[in-house]
Structures are given as structure tokens and as C-alpha cells.
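Single-structure report; data block below.
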Amino acid sequence: MTVVERRKDPAGVLAPAGPDPTGRPAWWRRPFPRYVLRRLGSSALILLGVTLVAFLLTTVVPADPATANLGQRALSDPETVQRFREHYGLDRPLPLQYLTYLGNLLRGDFGQSQQTLRPVSQDLLQFAPATLELVLSATLVALLVGVLCGVAAARRRGGWFDRIARLSSLTGVSLPIFWIALVASVVFFRGLRLLPGSGRLDPALVKPPQVTGFLTVDSLLAGDWHAFGSAVSHLVLPSAVLAISVVGMVLRFTRTAVLEALGTDFVKAARAKGLRERDVLWGYAVRFAFGPLVTATTLSFGFMLAATVYVEQQFSWGGIGQYAYRSSTNLDLSAVMGVSIVIALVFVLINLAADLLYALFDPRIRLR
């Protein structure tokens with residue numbers, strides 16, 4: 001059964017039910033579907049701009065893309081170089097080269113890596129699970145510590161815990177990530193010998209069969225508790241380093257949002273009803289802070305995804321971050337462009353999800 005909206009004429013009288021005179025379907029007249037389509041369109045334009053910037057950057061690099069991708073083979077086999085140029089449109093004018101590049105991207109063809117001599121798409125699929133395992137673990141730690149400390153600091157505003165939390169958050173945000181990784185490695189691996197300093201698994205252990213690519217999950221699925229313990233111990237230090245770099249931001253977002261909520265009328269009304277302070281804090285104030293927490297989570301995930309380049313290189317993690325570092329140092333243009341576009345895609349999808357969550361759960365946002 002189709003429900004047709006009834007409109008009002010300029011005098012305010014309900015018009016007869018019927019189709020929209022503009023010819024738009026009923027679903028388009030609803031605000032949320034229009035908002036979703038507009039956000040999808042803007043996200044697609046952003047991704048198109050990212051591909052254009054990445055393509056133009058490769059044109060100003062003082063190196064021949066064919067020679068940079070083929071390496072030594074370009075010096076000994078001119079026919080291979082010519083076939084490479086024809087396949088990726090490098091023998092055409094610059095606008096046609098970009099269109100060819102877009103067409104290859106839509107087919108999942110990022111080019112061939114000079115390091116591994118494999119398609120970049122295969123390398124990204126191989127290294128992506130390690131990076132996702134690291135970033136997701138760090139995000140969970142940052143949210144848990146940041147939210148709990150932020151709520152506690154807001155509840156004891158002006159107290160000793162609040163002052164220490166604000167100072168710690170400022171320190172964590174200010175310190176460079178590579179310095180935190182270096183100090184953590186020296187203290188906990190070389191000094192105290194508490195945690196492993198590199199890799200994802202002990203060399204003496206056999207990797208469990210790959211199902212998800214997450215060593216912690218795959219070892220559990222295989223029932224290999226030794227591999228699970230080793231994978232968790234190797235994950236602790238790099239994920240903690242990543243979490244330290246953003247936990248201060250989550251803490252400050254949470255503290256500000258909870259303080260704002262505690263001064264609102266509905267929280268005062270809840271206290272006047274005789275509700276316990278714990279119920280008021282977590283049932284009203286923290287729920288009010290949902291929007292800022294979505295923002296903090298989005299920013300945290302994006303920042304940590306970019307910071308994995310330093311952390312993975314320091315701890316030899318073997319994910320996309322280390323792959324990007326080696327590609328940039330070896331002038332592997334196809335790999336660098338592939339990593340850049342994938343990270344940009346993740347950024348856009350995360351921000352799109354955050355905007356949609358805002359629109360669904362925050363009644364203060366008006367959709368047009």
C-alpha cells in the first residue's frame with residue numbers, strides 16, 4: 001500500500017492527495033533518502049578529486065613511470081617498456097592518460113609493484129588485514145580509555161583527576177608518534193623484556209590457516225592457543241602506541257560533551273526526580289555525548305590509519321603502512337598511488353558513515 005503525502009496550498013488548506021506536480025517520486029520527498037544520495041554524490045566527487053591529485057603528482061615526479069615500475073627490465077627490454085606504455089596509456093596525451101587510469105581503477109587495476117613484481121591490488125589485499133587488526137585494536141583501546149577518563153574528568157571537574165587527565169591528553173596529542181614508538185620499543189622490549197618488539201608472531205610458531213587475516217582471530221578459529229597468545233603479545237605494544245596518540249583527543253571530546261550535557265535542563269530534571277547520579281551520568285549525559293563521540297571515533301580511526309606508516313615500520317608489522325613506507329623510499333609509483341587511493345577511500349567511507357549516524361540519531365540535525 002502506497003501512502004501519498006498531502007500538501008497544503010498557499011492558504012494552508014490540505015490539497016487533494018495525488019502525485020507531486022514536479023514529477024519527483026514519493027521517496028525523494030523524504031529528507032533522509034535525499035540526504036543519503038547527496039552525501040554519496042559528494043563522496044564520489046571527493047574520491048574523483050583524490051584520483052586526479054594522485055595522478056598529477058606522479059606527472060611531476062622526475063622519473064619515467066614505465067622505468068620506475070619496471071626497474072631493471074626497462075633497461076634491457078625496450079619492448080616490455082613499450083607494452084607497459086600502451087597498456088596504461090602513457091603514450092597518449094595527459095587527459096587521455098587520466099581517463100585510462102580511471103578506467104583501470106574501476107577494474108581494480110592499480111598497476112604492478114616494482115618491489116614485489118605483483119599487481120598492487122594483490123599486495124593491498126595481502127597487507128590490509130594486518131593493518132586493520134592493528135588499527136581496530138588501537139581504536140577500541142583509545143575509545144575505552146578516553147571515554148572512561150573523559151567521563152570521570154567531567155564528573156570531577158576541577159579536581160586532581162581532571163587536571164591530570166587534561167595534562168595527559170595534551171601531552172599525548174603533542175608527542176610525535178614515531179618518538180612514542182621508539183621510546184616504547186626501548187623501554188618495554190629492550191629494557192624490561194616484557195613485550196615482543198617486532199613482527200606479528202613468534203618465528204618458531206607456524207601461522208594458522210588464513211580465514212580473516214587477523215592472526216588473533218585465525219588462531220582462535222584454529223584452536224591454536226600458543227599462536228593466539230603470541231599474536232596478542234605482539235599486538236599489545238604497537239596498538240598501545242597508536243592508542244596513546246589519539247586517546248587524549250577522545251578524552252577531551254568526551255569531557256567537553258559530558259560537561260555540556262550536565263548543564264542541560266533534562267539532566268537537571270532527571271536529578272530532580274531523584275535518580276541516582278550514576279544513572280544520570282551514564283543514562284543521560286553520556287548518551288547526549290553520542291555525536292561528539294562519533295566525531296572523535298572518526299578522527300581517531302583516520303589519524304591512526306595514517307600513523308601506521310611510522311608504527312608498522314618501527315615494529316616490522318607487515319601491513320599497508322610498512323608497504324607504503326618501502327614503496328615511497330623505492331619510488332614505487334604504482335604502489336604509492338594505490339595506497340593513497342585506498343586510504344582516501346577509507347577516509348571518505350568513515351566520514352560518510354559518521355554523517356549518516358548523525359542524521360539518524362541526532363534529532364537536532366535538520367535534513368533538507
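What the table below lists for this structure:
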item	result
Relative contact order [Cα under 8 Å, 6+ residues apart], the stretch 263-367, whole percent	20
³J(HN,Hα), Karplus 6.51/-1.76/1.60, whole Hz, each residue of the stretch 109-126, x for Gly, Pro	9, 9, x, 10, 7, 6, 6, 9, 6, 10, x, 4, 4, 5, 5, 5, 5, 6
Share of carbon and sulfur in the accessible heavy-atom surface of the stretch 145-299 [1.4 Å probe, %]	65
Rounded FRET efficiency, nearest 0.05, which uses the C-beta distance separating LEU117 from PHE161 and R0 of 45 Å	0.25
Hypothetical label at LEU48: residues of the stretch 95-115 whose amide nitrogen lies under 19 Å (7 Å Cα-Cβ projection)	95-108
Loop-located chymotrypsin sites (Phe, Trp or Tyr not before Pro) in the stretch 333-362, at most 11 other Cβ atoms within 10 Å (DSSP)	none
Segment ASP279-TYR358, length gained on full extension (0.36 nm per residue, minus Cα span)	26.0 nm
Per residue value of the accessible surface for the stretch 161-267 (all protein chains in place, 1.4 Å probe), Å²	53
Amide H partners (placed H, <5 Å) of GLN112, local residues excluded	VAL120
Compactness of the stretch 246-356, expressed as Rg and Dmax over alpha-carbon positions, Å	20.2, 66
Full-stretch length increase - HIS226, PHE32 - with 0.36 nm per residue and alpha-carbon distance subtracted	64.9 nm
Those trypsin sites (Lys or Arg not before Pro) in the stretch 132-216 that DSSP places in a loop and that have at most 15 other beta carbons within 10 Å	ARG156, ARG157, ARG193
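The values are calculated or read from the model by the stated rules, or taken from the named source; none is laboratory data. Not measured: the values here are computed from a predicted model. Don't worry about glycine lacking a Cβ; one is built from the backbone with ideal geometry, like all the others, and counts go over all protein chains shown. Side chains included, ligands, DNA and RNA excluded: accessible areas come from the protein's heavy atoms. Shrake-Rupley method; radii C 1.70, N 1.55, O 1.52, S 1.80 Å.
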